[in-house]
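Please treat every number below as a calculation from the coordinates, not as lab data. These figures come from a predicted structure and were not determined experimentally. In this analysis, Cβ positions are derived from the backbone assuming ideal geometry, glycine residues included, and neighbour counts consider all displayed protein chains.
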There are 2 protein chains.
Amino acid sequence: MAKQYLLTPGPTPVPERAALKMAEPIIHHRTPEFEAIVAKVREQLRWLFQTKEEVIIFASSGTGAMEASVSNLLSSGDKALVIKGGKFGERWAEILKAYKIETIEIPVEWGKALDVKKVEEALAAHPEIRAVYVQASETSTGIKYPIRELAALIGPRENTLLVVDAITALGVFPLPMDEWKIDVLVTGSQKALMLPPGLSFAALSQKAWKFAEKSNLPRYYFNFKKELKNLQKNQNAFTPAVTLIIGLHEVLSMMQEEGLEKIFERNARMARATRESMLTLGLSLFAPDSPSDAVTAVLVPSGMDAGKIIKHVWEKQGIKIADGQDQAKGKIFRIAHMGYIHEPDLLIGIAAIEMALKDLGHPVELGKGVGKALEVMKK
Amino acid sequence: MAKQYLLTPGPTPVPERAALKMAEPIIHHRTPEFEAIVAKVREQLRWLFQTKEEVIIFASSGTGAMEASVSNLLSSGDKALVIKGGKFGERWAEILKAYKIETIEIPVEWGKALDVKKVEEALAAHPEIRAVYVQASETSTGIKYPIRELAALIGPRENTLLVVDAITALGVFPLPMDEWKIDVLVTGSQKALMLPPGLSFAALSQKAWKFAEKSNLPRYYFNFKKELKNLQKNQNAFTPAVTLIIGLHEVLSMMQEEGLEKIFERNARMARATRESMLTLGLSLFAPDSPSDAVTAVLVPSGMDAGKIIKHVWEKQGIKIADGQDQAKGKIFRIAHMGYIHEPDLLIGIAAIEMALKDLGHPVELGKGVGKALEVMKK
């Protein structure tokens, strides 16, 4: 097996420090030792989410916390609004449909920015909308949606929640939950949090907890109120993913050592370096108007298949970048720059893409993309 | 931190071999490499479940697969039957209630055996019952329920399913799914499977898949049909718990190296050794009539608090055994003998209990319990 390099938007590489911690002999979850770890993790998660509220932890992939943010907050007969501009916007719509919630959709062309006015108009036309579901960073297209503006619009409304899937956003760029008045903020373990997949998270504003009091949809495993009650005793409602929570304490400690501001700056710099290097190589961006700092989606030249570039960098260099999904398949490739992906790792990816482009007949001056990235990183 | 020994019914100790495998650099789930692991794991799980059917894998604790076995199989208006003789029987009832399924309960005194006749009578009185929910091994009391007899009763019924929570049973004692005609068999990662918590599993008979076709309850993350479709392509519907699945391949390989029959024999021998040593020490069993080979629940002498024994073996020896739950709290302690708990580990536990009993004023001839266990193990 050749050496491998992960530049995918989840899972991202796991720091050796966390991997080895998780490989230590497992401990029981009903012990003062584990409870002390949970106590620390609760505090660390509040720091990460920039909130005073408790952050709920589920043993599941990110979709679990997304589902919980429907099944625990809405009631039958409620109406919801979904921003649908990619695969994960579609996921919100699918979950709402599964619970028979009447859903108004704001379609956004894949890779295009969201016009907040459309949300404002929809809320004016349907003041009964109980929740607006959106992504902070739409992983499938590399777009960033204007959460601050949406929160300014929805935060003051007593009867409407803003529910933000920040699975590929939290810990990458600023999303201060309390300051911006985001009602529900959801994330997962395998992105900026640098852990293997298997944990999902959600924090709720006081307004959202009021919705949870009234919600009447069926639920059992994903139960915010039950988890809150247990978490306050440093426990979980069901057997927690013990090793992942031990790893979580480790990665959150690493993040606290670096500091949120520095992480955000580093990610922004890496994202800019990626974008500018790709432009220098004559490629274009799939989401140029509002690119996410978590992942860059790159449009390949017309006539070229993105799959071939992805295959080339994988087979020749052992570097894993991601394909486009669904309608974007073959048209784009996606490079992640978050979590434990640091600047040198990114240079490896850019260099491999240069080589792939050259081999596939695209005119490239080798080293030019890497040079551009270095220039940005130097600043 | 002193050395610790886990003799709890989940999590059980994780073999070093699996822990180190899971600590290797993480790989992406959309790679031929991971798909090859999933392909092997599918085959291995069929071997473990003794079935030709596909075994569905969720990233969740065991309760997730339990919930899925309600939300994917029943429809609104359906009636269900629950065997309720412990904390996990209560969990079935709670899940059914969450989905508003009308439920007939067969209460069984905690620690007492189930009379299959009562199930037969209930089915005769309510032929419309769509599913019978039961535990193979009720972890909270150490009782084993007669799954073979229940399957013989329910297997031939076209319109009723037998749904078995085997979270603390599968891989401990025989539950040949196809041979006995069990319709749904559920398990979790942190018991006989020797992994950290975070994976749950369910296999469905062809009859059960027909129920899944008709079921109309709301569900999203826990979706049997969606997972089946993905699994057939060696994929998962949502980002899988990559490292745990890599660990799963490792532990299932270990189990295959030993062989199911040998594992069952070893567990049965350890269970017998535990029971006989406890009786020798003058204690009694909480579930004497039909004890499970996974976990032994031991009644402490009247006037003694089980919590004190548990505290003693933990604080003096670093050995973690489990307390009774809910109504059994303080009355019993529970020792697990499954998974990566082997005979020498068990001797440590028995010795520590002897010391605790002596210190707490119970008349004990030190070494007598261990001696009895050795006698049983020698056979």
The range B:256-349 - convex hull of the alpha-carbon atoms, volume per residue in Å³: 106 Å³
Members of A:Lys191/B:Lys229; A:Lys40/A:Lys320; A:Lys191/B:Lys100 lying beyond 30 Å, as alpha-carbon distances in this model show: A:Lys40/A:Lys320; A:Lys191/B:Lys100
The protein assembly as shown - mean residue ellipticity at 222 nm from DSSP helices (-39,500 (n - 2.57) per run, n ≥ 4, rounded to 500): -13500 deg cm²/dmol
FRET E, pair B:Lys311, B:Glu16, Förster distance 30 Å, beta-carbon r, rounded to 0.05: 0.55
Area projected by the alpha carbon convex hull of the protein assembly as shown, averaged over all directions, nm²: 31.8 nm²
Between the range B:281-320 and the range A:316-379, the alpha-carbon center distance in angstrom: 60 Å
Peptide B:211-224 - average C-beta neighbours from other chains (10 Å radius): 4
Other protein chain Cβ atoms within 10 Å, averaged over every residue that makes up A:233-243: 6
Rounded to whole Hz, the Karplus (6.51, -1.76, 1.60) HN-Hα couplings of the range A:327-341, x for glycine and proline: 5, 8, 4, x, 8, 10, 10, 10, 10, 8, 9, 7, x, 8, 7
Per-residue Cβ neighbour rank within 10 angstrom, fewest leading, B:Trp209, A:Trp47: A:Trp47, B:Trp209
On Cα atoms only, tilt of A:368-378 relative to the major axis of chain A in degrees: 50 degrees
Under 14 Å from the Cα of A:Lys210 - aspartates and glutamates, other chains or at least 8 residues apart: A:Glu53, A:Glu158, A:Asp183
Order of A:Val376, A:Val38 under a 10 Å beta carbon neighbour criterion, fewest first: A:Val376, A:Val38
Shape box of chain A [Cα atoms, principal axes, largest first, Å]: 61, 56, 35
Cβ neighbours within 10 Å from other chains - mean over B:195-203: 5
Rounded to 10°, Cα long-axis angle of helix B:242-258 versus longest principal axis of chain B: 60 degrees
Dipole axis of the range B:325-379 (+1 Lys, Arg; -1 Asp, Glu on Cβ), positive-most option in B:Gln327, B:Ala356, B:Leu374: B:Gln327
Alpha-carbon Rg/Rh ratio, for the range B:258-308, with Rh computed the Kirkwood way: 1.07
Rg/Rh for the range A:1-115, where both radii come from Cα atoms and Rh is the Kirkwood radius: 1.06
Burial ordering of A:His337, B:His362, fewest other beta-carbon atoms within 10 Å first: B:His362, A:His337
Crossing angle, helix B:32-49 versus chain B [Cα axis fit, 0-90 degrees, rounded to tens]: 70 degrees
Cβ-placed point charges (K, R +1; D, E -1), dipole of the range A:230-379 about Cα centre in debye, nearest 20: 200 debye
Candidate lysines - alpha carbon under 16 Å from A:Lys378, same-chain residues fewer than 8 apart omitted: A:Lys262, A:Lys368
Spacing of the two label points (7 Å from each Cα toward its C-beta) at B:Lys52 and A:Glu109, in nm: 5.3 nm
Exceeding the 19 Å Cα-Cα cut-off - candidates B:Lys87/B:Lys358; B:Lys84/B:Lys144; B:Lys87/B:Lys144: B:Lys87/B:Lys358
Of B:Gln232, B:Ser215, B:Phe264, farthest towards positive along the dipole that unit charges on Lys, Arg, Asp, Glu beta carbons give the range B:209-264: B:Ser215
Residues with amide H under 5 Å from that of A:Ser75, placed H, sequence gap 5 or more: A:Asn216
Out-of-range pairs (alpha-carbon distance over 24 Å; input A:Lys21/B:Lys3; A:Lys207/B:Lys226; A:Lys214/B:Lys97; A:Lys52/A:Lys214): A:Lys207/B:Lys226
